[in-house]
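The values are calculated or read from the model by the stated rules, or taken from the named source; none is laboratory data. This is a predicted model, so every value here is computed, not measured. When we count neighbours, we look across all protein chains shown, and the Cβ atoms used for this are built from the backbone with ideal geometry, even at glycine. What goes into the accessible areas is simple: the full protein's heavy atoms, side chains included, and nothing from ligands, DNA or RNA. Shrake-Rupley method; radii C 1.70, N 1.55, O 1.52, S 1.80 Å.
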Amino acid sequence: MTKYGSALRAAFPLTLPICAAFLFLGISYGLYMTGRGFAPLYPICTSALVFAGSMEFVLVSLLLGPFDPLNAFFIALTVNSRHLFYGLSMLEKYKDTGLKKLYLIFGMCDESFAINCSVKIPEGIDKGWFMTFVTFLNQCYWVTGVTTGALAGSRLNFDAKGLDFALTALFLAIFAAQWQGEENHGPSLLGLALPFFCLLLWGPEAFLPPSLALLLALFVFAFYFRRQRS
Amino acid sequence: MTFSQELITIAAVVAGTMVTRFLPFVLFPASKKTPPLIAFLGQVLPPAVMGMLVIYSLKDVSLFAGHHGLPEFLAGSLTVLLQLFTRNMLLAVASGTVGYMLLVQYVFA
């Protein structure tokens, strides 16, 4: 088998939970945007270009509001600020992937990041192509779901309530697998506890930026503290 | 909004999103040696961010109203236990998801 084929075969099964959830959520987004009076081409194009689930829903309300591109730019920065952490985590892994690196960074949604960051790529599989296929398959699922929702619209009759839990389950399973493989549980525990308290304090719309800032501050402090002691 | 205003708004959102994705790679290019602090962050951030994603994906669950997060807790526990004992991620995720769907569609409907 070619290196592309074997990388695709290794990547595909891992993306199946995302396939289920993205088709479902994508259909909801397609329905949502066309339901607000936009032509099907809008959700289809934005799903491929923005490719950051929660931001696309926000985009719909931005488009319905007054024209303020600077505000739109800063909202996108805030909502997607967590991606900064993904980039810092992937500096090593995305090394030596050539031109594919540009696509890997462009398509780095939560789910592609979660898989590419945590999975031990099997021996003999080209890691650059593996990560590219994970990213590409996830984007295909999302755009396919959105296109289906935008075109088929309300004629679609499906009851898949709760299917989006596949994403939560995926993050939980990755978290558990990671827990088993690590000696120091400190970062994992902090990552769970700090955002949880921020969520209780600031609520679901505003807790992410303070969580990120606090995590970053603590880790920077830990770094200098350890260096001083050694 | 006119069509061109819509295009500009979409472009602004694409640009904002891309800044958050590309900035770390622009600041710390592979050709230069990564500073020790950034290398340290690259080690501790992945596990922490995975914990954060768990919370993020559950952010709209209300603990103090409705079912108090019980369906999420039950299906989440099933996922974690299956992952810990079978180490089969697909089995764990599929069982947790199907379990959750059954719970919200029949038990907690």
Taking A:LYS93 as meeting all but one of (1) under 30 Å from A:ALA217 (Cα atoms); (2) surrounded by fewer than 22 Cβ atoms within 10 Å (Cβ to Cβ); (3) out of contact with any Cys (no Cβ under 9 Å at 6 or more places or on another chain); (4) without any contact (Cβ under 8 Å) to a residue 40 or more places away in the chain, write down the number of the exception. (3)
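Identify all residues within the range A:73-120 that are acidic (Asp, Glu) and not in a loop (DSSP other than H, G, I, E, B); write none if there are none. Before you say what the answer is, go through the steps one by one.
Residues of the range A:73-120 that are acidic (Asp, Glu), as a first pass: A:92, A:96, A:110-111.
Passing the criteria: A:ASP110, A:GLU111.
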Considering only residues that are aliphatic (A, V, I, L, M) and in contact with a Ser or Thr (Cβ under 9 Å, 6 or more places away or on another chain), look in the range B:62-109 and name the one that is surrounded by the most Cβ atoms within 10 Å (Cβ to Cβ). B:VAL93
I'd like to verify a number: residues in the range A:61-90 that are polar (S, T, N, Q) and open to solvent by 50 Å² or more (accessible area, probe 1.4 Å), how many? 3
Among the residues that make up the range A:173-180, is at least one of them more than 7 Å from every other protein chain (Cβ to nearest Cβ) and open to solvent by 10 Å² or more (accessible area, probe 1.4 Å)? yes
Look at A:GLY191 and say whether it is more than 7 Å from chain B (Cβ to nearest Cβ), surrounded by 14 or more Cβ atoms within 10 Å (Cβ to Cβ) and assigned to a helix (DSSP H, G or I). no
Residue that is nearest to B:ALA15 (Cα to Cα) [pool: residues in the range A:35-59 that are hydroxyl-bearing (Ser, Thr, Tyr) and at pLDDT 90 or above]: A:THR46
Contacts under 8 angstrom Cβ, first residue in the range A:33-48 being open to solvent by less than 50 Å² (accessible area, probe 1.4 Å), partner not in a helix (DSSP H, G or I), 6 or more apart: A:THR34/A:PRO40
